[in-house]
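The values are calculated or read from the model by the stated rules, or taken from the named source; none is laboratory data. Keep in mind that what you see is a predicted model, and the values were worked out from it rather than measured. Here the Cβ positions follow ideal geometry from the backbone for every residue, glycine too, while neighbour counts run over all protein chains shown. With ligands, DNA and RNA removed, areas are computed over all heavy atoms of the protein, side chains included. Shrake-Rupley method; radii C 1.70, N 1.55, O 1.52, S 1.80 Å.
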Amino acid sequence: MLNEIKVAFRGLLKSPGFTVIAIATLALAIGATTAVVSLVNALLVRPLPYHDPSGLVLLWEQFALQGLERIPVSAPEFRDYETQLHSFEKIAAFDYTTFNLTSGYLPERIQGAVVSPSMFALLGIQPSHGRAFSADEQGLGHDDVVIISERIWTRRFNSDPAVLGSKMVLDGRAFTVVGIMPAAFEFPLPLFNVQGGKFGERVEIWKPIAFTENEMKLRGSRDYSVIARLRNGASVRQAQVEIDALIRDWQKQYRTAYGSEESFGSKIYPLREQVVGGMRAGLAILLGAVAFVLLIACANLATMLLARASGREREFAIRVALGAGRWRLLRQLLTESVLLALSGAAAGIILSVWALEFFKRVGAHTIPRLGEVNVDLRVLILMAVVAIGTGILFGLLPALTSSKPELTEALKDGGRGASTGPRRNRIRDALVVAEIALALVLLVGAGLLMKSFVRLQNVNPGFNPHNVLTMEISLPQAKYPAPGPSYIGGEKAITFFAEAQRRISQLPGVEANACAAILPLSGSNSDSSFEIEGRPRRGGGPGPDEEMRVISPNFFRVLQVPLLQGRFFNDADTSTSPKVVIVNEGLARKYFPNGEALGRRITFDDPSKDPKWITIVGIVGSMRHRALDLDPQPEYYLPHSQFSLRNALVVVRSKLDPRSLTSAIRSQIQSMDSELPIAHVRTLDEVVADSIAPRRLSVVLLGFFAGIAVLLAAVGLYGVMSYLVVQRTHEIGVRMALGAQRRDVLGLVVGHAGKLVGIGTILGLLVTLFATRALSSLLFGVGTFDLATFAFVTFTLASVSLIASYIPALRATRADPMIALSHNA
């Protein structure tokens, strides 16, 4: 075997052009395959990084009659779950939060989470240094401890072990660091394409949960997510039955909060499905695409090996004449093809590592667990098997056809019979037809996705994102106290943000600025139920529930959202003035179809118990908040001066490059409070771009694979036509000697190529009609059978293929007839 490897290696070195092209072809195909298989392995196959992750579930509530699914739970509801459910071994609540870290260096806003003390035991992960929270470290006055990530320990504290037990100042309050979590640990995990349940950034600090007295009284204030671990032997179905029974008890005790059995419920979802379930269809399409690319590459390799074997017919005949058996020739040829495949695989794996790094940079913020993707041992073994199998499978056909040469014809000077066998030509033609068909399928899929993506980008979001800068500011509760829930800002927050807007408005280049609780297309959302005056609730339960936004007066001017009726908020709308609200066109049409929205009133209170009424003073255009491919939802807007929050986004429209204002705005904020950091500085254009990042990644990947497929198909056709020209040189010389013109020779060669392209195109279109149905969930504004796309792609592929065949045909027309007639085929 070693001797055969040496012989194969020397043989490949004698044909450097063939070897380089073959290895490059396989490297592209196997590199793409390795990258996608690594994605599938990390995101869908590899288990979540927790102990026994199959037993972990998320618990979401829902109001079915209002179309609300996967909504968080309230503090009293969680206590009931925790104390009354027996199907779970452990159950924990958690929520995202942010901390202003002022210890050590410059102030910095850190992503954090509040969690039940049992969270780490539930996940089966313990700190790498220090300890986890104890059961009594929760609740107000007992939650002054934190656990930090190894990442922030290294970055902010230079991995100093003295950090354990030391004080860390967060939001103006001192906390004791009791543990350090491993760098790889991540929780909460981001969810993919789960509306209303999409978690945020990677958490760096964890704090025990502390329900306030006010929270424990409000069953309708739902802010917490719930994770649980099923007991051994308990199924999701058994746990769901137990939860349904608990819900029925709630509906009897708290009729006004929950209403009928049909209106409210709670459902269990496996954690894994919530994290990556939305990616399964897209990854399956990518896996199918790279399989096509690999098949095209293999067909190309088989075509090249056939052509090369035909050129070695005389060599094989001499070997047989000297006593070499068929098995020896077959083994030698297979050794060459496997050696080529392994070389291509090695180069492809290097390419895949680079490709994965590119994927991480493009989609790390929008695709969960993408940072965990790597080429691990399992993928390497699989790719080695694929490479060897590829070498054997597609090297077998050329080897079988070449290992039994016709000795008489092959050994004769000028003999042509062995190299011009119709069977071998048909095999080569069939491989080219297959390449054309598969390339067409990929091209049409990429074309549909590209057209869909372009249409998505051209969707009017209902606002103007250009030249707008956004940044987030979080006011610590210790310094800006207010009664009620922790997210309420109070008068100090109102004063701070009003002064900040006044100062920012005076900066050169600023056209308008405002603050808001949520940005459109940012992945965040907030909704609340309300009552409409004069429309009593039917059947109990909460009233209408729509998306709620808290904004300052200039918000619509910054985003250039049109005012349709009434007025915007103004400085006269203060905390002491009558409460007002602005609704969008969608809400006005849904609840006031006769155009009587202005002047009508809503309330968040019970209408029968002296409610605080809020008057509708304006109607604005609808914005696409959830996604560009989803219709605008009904929304209502409350003034920040009457419903203030501690955390807000500052939005600034500029006449200049908006990023040029960052330093000036930061200086103004820190001149008001030197301990306040600003975070998430980005333009609104970037926010919009991030909202369609998963689609962009799909377009880029499928487009890349389609480009490789077209290139390989063109190379394959070029190779076949080049060999055809060499094979028929003598015939071409005879034709030209008898008076054939150049156009006749061109027609001979290009006509043959045209037949192959035509057959491949027809077969490809038939396959495409069925294959594109898998793309329906990824398309926007484009059908799976888009005639313009099919026609353009077919024309493009046919043009590229015919150009590839025209080059060798042109070379044939320039041959000297006398030389061609003396050519030994």
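Scanning segment 65-82 for residues being outside any strand (DSSP E or B) and open to solvent by 20 Å² or more (accessible area, probe 1.4 Å) gives a total of 7. Considering the conditions (1) under 27 Å from the mean Cα position of the chain (by Cα); (2) not in a strand (DSSP E or B), Q62 is excluded by exactly one of them, (2). If you take the residues in segment 472-493 that are under 24 Å from R682 (Cα atoms) and either modelled with pLDDT of 85 or more or hydrophobic (A, V, I, L, M, F, W, C) (or both), which one is surrounded by the fewest Cβ atoms within 10 Å (Cβ to Cβ)? In this case the residue turns out to be E472.
Are any residues in segment 113-172 of a type in the set (D, E) and in a loop (DSSP other than H, G, I, E, B), and if so, which ones?
If we filter segment 113-172 for residues that are of a type in the set (D, E), which is where we start, we get 136-137, 143-144, 150, 160, 171.
Answer for segment 113-172, where residues must be of a type in the set (D, E) and in a loop (DSSP other than H, G, I, E, B): D136, E137, D143, D144, D160, D171.
Kindly indicate which of R248, R237, R280, R255 is in contact (Cβ under 8 Å) with a residue 60 or more places away in the chain, out of contact with any strand residue (DSSP E or B) (no Cβ under 8 Å at 6 or more places or on another chain), basic (K, R) and within 22 Å of F63 (Cα to Cα).
On the way: R248 fails: in contact (Cβ under 8 Å) with a residue 60 or more places away in the chain; R237 fails: in contact (Cβ under 8 Å) with a residue 60 or more places away in the chain; R280 fails: within 22 Å of F63 (Cα to Cα).
Among R248, R237, R280, R255, only R255 is in contact (Cβ under 8 Å) with a residue 60 or more places away in the chain, out of contact with any strand residue (DSSP E or B) (no Cβ under 8 Å at 6 or more places or on another chain), basic (K, R) and within 22 Å of F63 (Cα to Cα).
Residues in segment 39-53 that are assigned to a helix (DSSP H, G or I) and modelled with pLDDT of 90 or more: 1 in all.
For segment 250-293, the set of residues classified as in a helix (DSSP H, G or I), over 24 Å from the mean Cα position of the chain (by Cα) and surrounded by fewer than 17 Cβ atoms within 10 Å (Cβ to Cβ) consists of K252, Q253, R255, T256, listed by residue number.
Select from segment 646-665 the residues that are in a helix (DSSP H, G or I) and either touching a residue at least 60 places away in the same chain (Cβ under 8 Å) or in contact with a Phe, Trp or Tyr (Cβ under 9 Å, 6 or more places away or on another chain) (or both) and list them in ascending order. Scanning segment 646-665 gives P658, R659, S660, L661, T662, A664, I665.
Is it the case that segment 476-495 has a residue that's on the phi < 0 side of the Ramachandran plot, without any contact (Cβ under 8 Å) to a residue 40 or more places away in the chain and touching a Phe, Trp or Tyr at 6+ places or on another chain (Cβ under 6 Å)? Working first, answer last.
From segment 476-495, those on the phi < 0 side of the Ramachandran plot are 476-483, 485-489, 491-495; that's our starting set.
From the residues that got through so far, the ones that are without any contact (Cβ under 8 Å) to a residue 40 or more places away in the chain too are 481, 483, 492, 495.
Then drop every residue that is not touching a Phe, Trp or Tyr at 6+ places or on another chain (Cβ under 6 Å), which leaves 492.
Scanning segment 476-495 turns up at least one residue that is on the phi < 0 side of the Ramachandran plot, without any contact (Cβ under 8 Å) to a residue 40 or more places away in the chain and touching a Phe, Trp or Tyr at 6+ places or on another chain (Cβ under 6 Å).
Restricting S87, S128 to residues that are touching a residue at least 24 places away in the same chain (Cβ under 8 Å), open to solvent by 40 Å² or more (accessible area, probe 1.4 Å), among the small types (G, A, S) and in contact with an Asp or Glu (Cβ under 7 Å, 6 or more places away or on another chain) narrows the list to S128. Considering I209, I227, I243, the condition of being at pLDDT 90 or above, open to solvent by less than 30 Å² (accessible area, probe 1.4 Å) and either over 29 Å from L65 (Cβ atoms) or of a type in the set (K, R) (or both) is satisfied by I209 alone. Just one of (1) over 30 Å from L701 (Cα atoms); (2) buried (at least 16 other Cβ atoms within 10 Å of the Cβ) fails for T19. It is (1). Picking from residues in segment 596-628 that are under 41 Å from the mean Cα position of the chain (by Cα) and either over 20 Å from F556 (Cβ atoms) or open to solvent by 60 Å² or more (accessible area, probe 1.4 Å) (or both), the one that is modelled with the lowest pLDDT is D605. Taken residue by residue, segment 29-40 has no member that is open to solvent by less than 10 Å² (accessible area, probe 1.4 Å), over 30 Å from I296 (Cα atoms) and not charged (D, E, K, R).
For segment 780-825, a residue qualifies if it is assigned to a helix (DSSP H, G or I), modelled with pLDDT under 85 and small (G, A, S), and the qualifying residues are S801, A804, S805, A809, A812, A820.
Kindly establish whether R426 is modelled with pLDDT under 85, in a helix (DSSP H, G or I) and either under 30 Å from V114 (Cα atoms) or out of contact with any Ser or Thr (no Cβ under 9 Å at 6 or more places or on another chain) (or both). Yes: the conditions hold for R426.
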